[in-house]
Amino acid sequence: MSHFEYIGNLHIHSLYSDGGDNISHIARSATRAGLDFIAINDHDYLTDTLHLEEEGFYEDVLVLVGLEIGGRYHHYLAYDLKKMLKSRGQGPQEVIDQVNGQQGFGFLAHPFEKGMPLTENSMAYTWNDLSVTGFTGVCVWNYTSRWKERVKSALHGLFLLTFKSLSLKPPSRETLAFWDDLCGDKRVVAVGGSDAHGSTFKYASINFKPLSYDHLLRTVNIHILLEKKMSKDFKKAKNQVYGAMREGRLFIAHEKICPAKGFRFSFHSDEGAGLVMGEEGLFQPGDFMISVPRKGEVRLLKDGKLEKAWQGREAVYRVKEKGVYRIEVYRHVFPFGWRPWIFSNPIYLR
Ligand SMILES: [Zn+2]
Ligand SMILES: [Zn+2]
């Protein structure tokens, strides 16, 4: 059961909405960052249309175009759209239904965002109606959201700019608890992203770009697992990437903590059946195999609760009962301590 692994960055804004650069320049940043694919999600209320004509391979990087749909209380990251979709006057459920109506799919973006205290008065774009249904999953780790909510003063800002990656907090407990709870009923995919804007700010009459595309595309990425090599044919490759995202055959990693390529989490039943992260099966006795590319603290969670933690790289864990199991890995970085590094999608044993 070996898979081909590809790394991508989701949730990027371009000049079509409030981002700081055009798509071909962003694609070059992605090439420099060593990514295989990126997805652009401009705000529906700031862009004239869905720019599917920008999709394709830029050198070796696959560029996909979706949208971030919604205004004040529901930002929905939508993918595989066929035509433009405007959120004006529509509630969160209508947005999700319309995306599904186009055979697209999507994720609740930053549902528990807190906002930046310093310059944005903690203005946050949260999801106020969490009773919605029909979404594919939740973006549990948004680099920009998590970074900016700690900027309480100029001094904090300076510290967080100097150590912007090492000081990044993990997905919030609220977000993980919300997601874990949903997974108790059905498969719900978790993704992470940069929410890259590459914006230039002015503070005390100085212009600066605190979070560039070159930086952000090296931070919170997803690693998808494909059964076959990614096709050189654009349409086939797009279907492969979106297929893995729909199924949750992926993990989230903060690449600046440590490159995460090679992480694996799989289930092998005594009967010989196998599952990888994101997949669901009936419980049978068997083992989890966990492999981490560099040493870290590995935490196995069952139904959102810590089941076991250990330090190392390779582990086999005997599974005794059904549950929704997922992995978190933390890596020790002096003097910051254990930093959040890898978050897998679950293996669902029902
Ligand atoms: Zn947003
Ligand atoms: Zn965004």
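The values are calculated or read from the model by the stated rules, or taken from the named source; none is laboratory data. Since the structure is predicted, the reported quantities are computational estimates derived from the model, not experimental observations. All Cβ positions, glycine included, derive from the backbone under ideal geometry; neighbour counts span all protein chains shown.
Points worth noting:
- The strands (runs of 3 or more DSSP E) found entirely in the stretch 58-172 that carry 2 or more residues being more than 16 Å from ligand 2 (Cβ to nearest atom) are 61-69.
- P285 passes every criterion in (1) touching an Asp or Glu at 6+ places or on another chain (Cβ under 6 Å); (2) buried (at least 16 other Cβ atoms within 10 Å of the Cβ) apart from (2).
- Scanning the stretch 178-195 for residues that are touching a helix residue (DSSP H, G or I) at 6+ places or on another chain (Cβ under 7 Å) and part of a loop (DSSP other than H, G, I, E, B), we see that the one that is farthest from ligand 2 (Cβ to nearest atom) is V188.
This table checks each residue for (1) polar (S, T, N, Q); (2) assigned by TED's automatic domain parsing to the domain that holds D21; (3) more than 16 Å from ligand 2 (Cβ to nearest atom).
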| residue | (1), (2), (3) |
| --- | --- |
| S205 | yes, yes, yes |
| T219 | yes, yes, no |
| H223 | no, yes, yes |
| K229 | no, yes, yes |
| K238 | no, yes, yes |
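- For the stretch 36-57, a residue qualifies if it is away from ligand 2 (no atom under 16 Å from the Cβ) and charged (D, E, K, R), and the qualifying residues are D36, D48, E53, E54, E55.
- Checking the stated criteria, L52 turns out not to satisfy the condition of being touching a Phe, Trp or Tyr at 6+ places or on another chain (Cβ under 8 Å) and surrounded by fewer than 20 Cβ atoms within 10 Å (Cβ to Cβ).
- Every pair of residues 6+ apart whose Cβ atoms lie under 9 Å, when the first sits in the stretch 208-236 and is within 19 Å of R32 (Cα to Cα) and at pLDDT below 95 while the second is aliphatic (A, V, I, L, M) and assigned to a helix (DSSP H, G or I): P210/L160; P210/L161; L211/L161
- Test for D270: is it over 18 Å from G248 (Cβ atoms) and touching a Lys or Arg at 6+ places or on another chain (Cβ under 6 Å): no
- Among the residues of the stretch 136-159, the ones that are hydrophobic (A, V, I, L, M, F, W, C) and either within 16 Å of ligand 1 (Cβ to nearest atom) or modelled with pLDDT of 95 or more (or both) come to 5 in all.
- Note on the stretch 1-35: residues that are farther than 21 Å from C258 by Cα, among the charged types (D, E, K, R) and away from ligand 2 (no atom under 16 Å from the Cβ) amount to 1.
- For the stretch 160-200, the set of residues classified as exposed (fewer than 14 other Cβ atoms within 10 Å of the Cβ) and either free of Cβ contacts under 8 Å to residues at least 12 places away in the same chain or within 16 Å of ligand 1 (Cβ to nearest atom) (or both) consists of T162, R173, D185, K186, listed by residue number.
- Single condition E94 does not satisfy, out of (1) surrounded by 15 or more Cβ atoms within 10 Å (Cβ to Cβ); (2) more than 24 Å from A244 (Cβ to Cβ); (3) at pLDDT 95 or above: (1)
- Counted residues, the stretch 255-281 - those being more than 24 Å from the chain's Cα centre (by Cα) and outside any strand (DSSP E or B): 4
- A124 vs. criteria modelled with pLDDT of 95 or more and in the same structural domain as S172 (by TED's automatic domain parsing): no
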